[in-house]
Each structure stands twice: as C-alpha cells, then as structure tokens.
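A short worksheet on the structure shown next.
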Amino acid sequence: MILKRLQDLIGDIYDVSISHDVYDFLVTDREHLPAAARPRGPTDEELIVAQPEEGGSGEIAMSLYLDPELLERLDRADPMERLHDGNVADYWTALEGVSHFLYLAWNAGHDKPVSLLELEMQAEVDKYVGSYWLMRRQFPDRFPAELLRLLFERTRIDSRLAGGREDLYREASRYAQKFCTRLEQSLRGAQGRSQGEVLAELRRFYRLTNARKVAHIQRSA
C-alpha cells in the first residue's frame, strides 16, 4: 500500500496526522469523475477539490486521481524499498499527490485556508524532505547530494498541464528551492544543527501560513 506508506512518511516527519486514509479518496479511473473535474490533459496526478459556495457551510470534498499504470510501476519497483533513477519520477508524482491530500486535509481539520501557491510550495519541499529521509534510511553511509539538482534544476513545468499557471508553479518551486538549499546545509551539519533541530524547524514551517512561509524563506535566504 504505497500511498499509505507515503502518507505515514510525511506525517511522521512533520508530526501531523489525520483521521482519513488516502486510499478512501483515491480515484484511478477518469470516467468515475464528473466531466468538469476530470484532470486536464494526460496527467498522472491531480487533486480535485470541491469547496462550499462562498458564505455557505459544509465540508470540502476532494478526490486524488492517480494514473493506474503509475501505481502498477510503483508496485513493481517499490521506492520504499529502494529509490533509484528508474522509479524516482513516479515516486515524486505519487508523493506530490499524497502531499496535496494530507496538507489540505490537515489544514481543513484546523479550519485553515490553503492557497494554491502554498499547496504547491509545500509539495516541492515534501518531495525533497521525503526523498532525503528515505534515501538516508536506505543508504545510511551516503549523503544524497544529487537531490537538489534533480528536483529543482532538471525538472520542467509542462505547459499542457499547468493550465496557464506556469508562473505560480515557478514561484512555488523557487521558494521551495531556497528553503531546501538552506535545509541541506543544515542536514550536512554545516551549521552544527542536529537532526532533531532540523525536524523541529520543518514542523514549524509546515504549520505556518502561506505569507509566513514566504517571509521565513526570504528572511533565511
């Protein structure tokens, strides 16, 4: 159950939990979604959210769409057992979806609104942090120095899927890169900080509002 393990991985790092299992919200058949909510283009992942009308009451509703072939590939090459260049792209896609789901559900449970920029920025941070923790577990004698470059320099935004929001995704990636670059310095021990101190910062960051996240990054850059 790769997605539940990803939910637990992120939840353990940030010390957050929700009463929902991501599999209860998973959709793998586009035809089971309302036409207006179907993913744009040939995407492998998308979080679909329905919010109450402005001024109305009620809970948000959401579904996480993941391509079934992606899930099959992850079953065949389980990144939780060994993360490598052959499965890292699929791992990041699935982790991004779980990150979106968990962050939105956790904030909704605390009556906190979430902006799209905040959602995407946190997902980029989660991809770095989740990969770092996983690789350090799998290869304890090796520091994953290639993560920053792979995640922030070698990835590109697909304009077919961005829906005109390319600038927003670039901004989210830029802020996340700044945060993760400084985080890597701490993880390498350049600032003499323990892993416990790094975890404490990550958990504080997770709970900040979008404006405070951006201010924290700019102040620390």
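What follows draws every value from the coordinates through simple rules; no lab data is involved. If you're wondering where the values come from, they're calculated on a predicted model, not measured in any experiment. Note that we place each Cβ from the backbone using ideal geometry, even for glycine, and neighbour counts take in every protein chain shown.
Observations on the structure shown:
- Separation of the Ile60 and Glu31 label points, Cα + 7 Å toward Cβ, nm: 3.0
- Chymotrypsin sites (Phe, Trp or Tyr not before Pro) lying in DSSP loop within region 166-220, provided at most 16 other Cβ fall within 10 Å: none
- Tail beyond 22 Å, pair distance distribution of region 72-182 (Cα, percent): 36
- Coil-residue GluC sites (Glu not before Pro) of region 113-158, DSSP, other Cβ within 10 Å capped at 16: Glu146
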